[in-house]
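Only one structure is covered here, and it is reproduced in the block below.
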Amino acid sequence: MTRVLILGAAAVQADAVASARAKGHEVHVCAAIPGPANPLADATADFSFTERDLLADYVHRNDIDVVYSVGSDVAMPVIGWIGEALALPYLVSEQVAAICNNKTLMRAALAAHDFSGNAWFVTVGPGDAVPQPGRPVIVKPADSQGQRGIARVDSGDLTDAVRAAQAASRAGTAIVEEWLEGPEVSVNGYLVDGVPALAVVSDRHVWPEHVGLVSGHTMPPTTISDEQAEATAIMVMEAARLLGIQQGPVYAQVKATDDGPRLVEISPRLDGCHLWAVIRECHGIDLIDAVWTHLIDGAPPTFPEVVADRTVGIDFVCAPPGTRASFDGSEDVRYYEPGQEIRAINGRFEKIGYRIGDRAR
């Protein structure tokens, strides 16, 4: 029996726990804050997986064979580190994952290759003067996740937005980027030995009143043409190659601008929006199962040709943090029990559940 340790206990990690257990593996979960993944696991460790000494000790004491996560940028460098340090299987090195986890490093690495899908950017570290470039711009923490601390600024001084982004950054660093105008899409890809094996594009819908916060996805995309979708997939896979992603899943957010697809972010992981469930419904491909086959069995997956004969969407139920969870019964999955207080993750509008279903074509 393979012992799998999942980093994180949120709803996205719960999918990975359920998948690994369905394949007959013993599954452990490591998270400082309990979540939906905990009740599904065979065992849990209640400390932060960023405490590397504790993590390594837990792996030793429990004879863990594989450490992995889904939907977490913070977890990916840790997985690479422990794989390298303890000779466990891993798909992406700590160095590559760390570059993708830091927007400044990612943008700079792509700029060094004159990558056409890049965006203009400037970094603002602790104590740096706040720049005042042309508007509009988007301001983000350089090394956070989950859409924390981001703001679009159309006019006026950037200082408040930069300070808020720095406060949400582990290193106290903000990044100011040009605002990219155009439909927003997501790409779920997979690489084997540096060769693209799969690339699936979907619309990424956002709440109009909450910059960057996702409200749902549609697959295949309805806001861009087939030609734009193909160009987007090619661009993302080129970015993955330039960043050194050679094996396993890749997830990217992209804006389809008038000047072509432009990269918003990219990470060597499965996404945090349950899009593997949408891909399974739309295309019959199970990306989590593909990861276990690759990581545990050492057998790189092969994928059928992607042909969509239906349009499938996921819609998120969201509510402000600090309020009580309430549902109307149309959701497929709930992250909270009714009446339970909603924790602050992005601090603005939190996912509390979702539904998946067919959309009109």
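Laboratory data are not the source of any read-out in this text; all were calculated from the coordinates shown. Note that the coordinates shown come from a computational prediction; the quantities given were computed from them, not determined experimentally. Cβ coordinates were reconstructed from backbone atoms using ideal geometry, including for glycine residues, and neighbour counts include every protein chain displayed.
Per the Debye calculation on region 262-361 with a single equal scatterer at every Cα and no solvent contribution, log₁₀ I(q)/I(0) for q = 0.12 Å⁻¹ amounts to -0.56.
Of 47, 303, the sequence from fewest to most neighbouring Cβ atoms within 10 angstrom is 47, 303. Taken along its principal axes, the alpha carbon cloud of the chain reaches lengths of 58, 50, 47 Å, longest axis first.
When 218, 123 are arranged by Cβ crowding within 10 Å, least crowded first, meaning fewest neighbours, the order is 123, 218. Free of any GluC sites (Glu not before Pro) that DSSP assigns to a loop and that have at most 15 other C-beta atoms within 10 Å, the longest stretch within the chain is 52-180. Cα centroids of region 272-340 and region 1-39: how far apart, whole angstrom? Spelled out, the Cα-based centre of one part sits 15 Å from the other.
As a footprinting exposure proxy, order 40, 263, 270 by other Cβ within 10 Å, with the fewest listed first. Present the calculation step by step, with values, prior to reporting the outcome.
Working: 40 19, 263 24, 270 27.
Going from least to most buried by this count: 40, 263, 270.
Rounded to two decimals, what is Rg over Rh for region 209-323 when you use alpha-carbon atoms and the Kirkwood radius?
On the way: Rg = 15.5 Å, Rh = 16.0 Å.
Ratio of gyration radius to Kirkwood radius for region 209-323: 0.97.
A simple rule links phi to the HN-Hα coupling: the Karplus curve 6.51 cos²θ - 1.76 cosθ + 1.60 with θ = phi - 60°, which for region 252-258 gives 9, 10, 9, 9, 8, 8, 5 Hz, with x for Gly and Pro.
Partner lysines whose Cα lies under 23 Å from the Cα of residue 103, excluding those fewer than 8 positions away in the same chain, are identified as 140, 255.
When the alpha-carbon atoms of region 120-178 are used, the pair Rg, Dmax equals 9.9, 27 angstrom. Between the amide H of residue 197 and those of 190, 191, 192, distances stay under 5 Å, these residues lying 5 or more places away or on another chain, with hydrogens modeled in the peptide plane.
The amide H of residue 269, built 1.01 Å from its N in the peptide plane, has 250, 251 as neighbours under 5 Å, considering only residues 5 or more places off or on other chains.
Measuring spread by the Cα atoms of region 169-220 yields a radius of gyration and Dmax of 15.0, 41 Å.
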